[in-house]
Amino acid sequence: MIAEDGAQLGIMSPQDALQEAQDRGLDLVEVAPKAAPPVCRIMDYGKYRYQQSKRAKESKKHQHVILLKEIKYRPKIDKHDFDFKTNHVRQFLEEGSKVKVTIMFRGRELAHPEFGRDLLEKVVKATEDLCQDRVDCSRLRRDGRNMSIVLNPAK
């Protein structure tokens, strides 16, 4: 038996331990139920739960979550629109997010996938200083009317 102040109370019967906890105005909490004999602790359980939640919040505060952002291009994009969207890709990579660059094809544009591949190569070339590893444009994913690649941020 261990008291809240850290003092060892030794082995006690459950009734004695419960009485001791009530005398101190605290709770009797079973810490290790599978041990022989089971280990209990005299503590303020409400305060303990509050401290646990505070520790959990503090550890969440220091986490870094990597998000997947997506930017969509079209094969017949204008230079200004290309630059604007590519600046967004660069921003997302600087923030530490992964970026999925997708080229959307419509109608007869599907007959010329090389336009999409060229566009993706231009995006990769414009963002290669922020990417973790050299992006191989032969790893393009083609699903239906879309062609995409995922860019990983540098550490």
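The values are calculated or read from the model by the stated rules, or taken from the named source; none is laboratory data. It should be emphasised that the depicted structure is a prediction, and the values quoted were computed from it without experimental measurement. Neighbour counts run over all protein chains shown; Cβ positions are idealised from the backbone, glycine included.
Looking at region 52-71, which of the residues that are part of a loop (DSSP other than H, G, I, E, B) and not hydrophobic (A, V, I, L, M, F, W, C) is modelled with the lowest pLDDT? Steps first, please.
Going through region 52-71, the residues part of a loop (DSSP other than H, G, I, E, B) turn out to be 62-67.
Remaining after also requiring not hydrophobic (A, V, I, L, M, F, W, C): 62-64.
On the way: H62: 78, Q63: 76, H64: 72.
Ranking the candidates gives H64 first.
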**OP:** Identify the single condition in (1) touching a Leu at 6+ places or on another chain (Cβ under 7 Å); (2) closer than 26 Å to K155 by Cβ that H64 does not satisfy, given that it satisfies every other one.
**Re:** (1)
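With the requirement that a residue be not in a helix (DSSP H, G or I) and not small (G, A, S), what does region 72-102 give you?
Applying the first criterion (not in a helix (DSSP H, G or I)) to region 72-102 yields 72-78, 96-102.
Listed by number, the residues that qualify are K72, Y73, R74, P75, K76, I77, D78, K98, V99, K100, V101, T102.
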Original post:
Restricted to region 103-131, and to residues that are of a type outside the set (K, R), in a loop (DSSP other than H, G, I, E, B) and more than 16 Å from V150 (Cβ to Cβ), which residue is modelled with the highest pLDDT?
Top reply: F105
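What do you reckon, is S148 over 30 Å from L18 (Cβ atoms), touching a Lys or Arg at 6+ places or on another chain (Cβ under 6 Å) and either modelled with pLDDT under 90 or not in a helix (DSSP H, G or I) (or both)? Give the derivation first.
Details: over 30 Å from L18 (Cβ atoms): yes; touching a Lys or Arg at 6+ places or on another chain (Cβ under 6 Å): yes; either modelled with pLDDT under 90 or not in a helix (DSSP H, G or I) (or both): yes.
Judged against the criteria, S148 is a match.
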Subject >> Condition broken by D83, with the remaining ones in (1) of a type in the set (D, E, K, R); (2) assigned by TED's automatic domain parsing to the domain that holds E109; (3) more than 17 Å from V99 (Cβ to Cβ) satisfied >> reply: (3)
**OP:** Taking the residues in region 76-107 that are charged (D, E, K, R) and within 16 Å of R142 (Cα to Cα) as candidates, determine which candidate is surrounded by the most Cβ atoms within 10 Å (Cβ to Cβ).
**Re:** K100
Original post:
Would you pick out the residues in region 52-75 that are surrounded by 11 or more Cβ atoms within 10 Å (Cβ to Cβ) and of a type outside the set (F, W, Y)?
Top reply: K69, E70, I71, K72, R74, P75
**OP:** Among residues belonging to region 34-51 that are basic (K, R) and part of a helix (DSSP H, G or I), point out the one that is surrounded by the fewest Cβ atoms within 10 Å (Cβ to Cβ).
**Re:** R49
Original post:
Residues E20, E4, E30: which one is assigned to a helix (DSSP H, G or I), outside the structural domain of E109 (by TED's automatic domain parsing) and either surrounded by 11 or more Cβ atoms within 10 Å (Cβ to Cβ) or modelled with pLDDT of 90 or more (or both)?
Top reply: E20
Subject >> Conditions (1) surrounded by 12 or more Cβ atoms within 10 Å (Cβ to Cβ); (2) charged (D, E, K, R); (3) without any contact (Cβ under 8 Å) to a residue 12 or more places away in the chain; (4) not in a helix (DSSP H, G or I): number failed by R134 >> reply: (1)
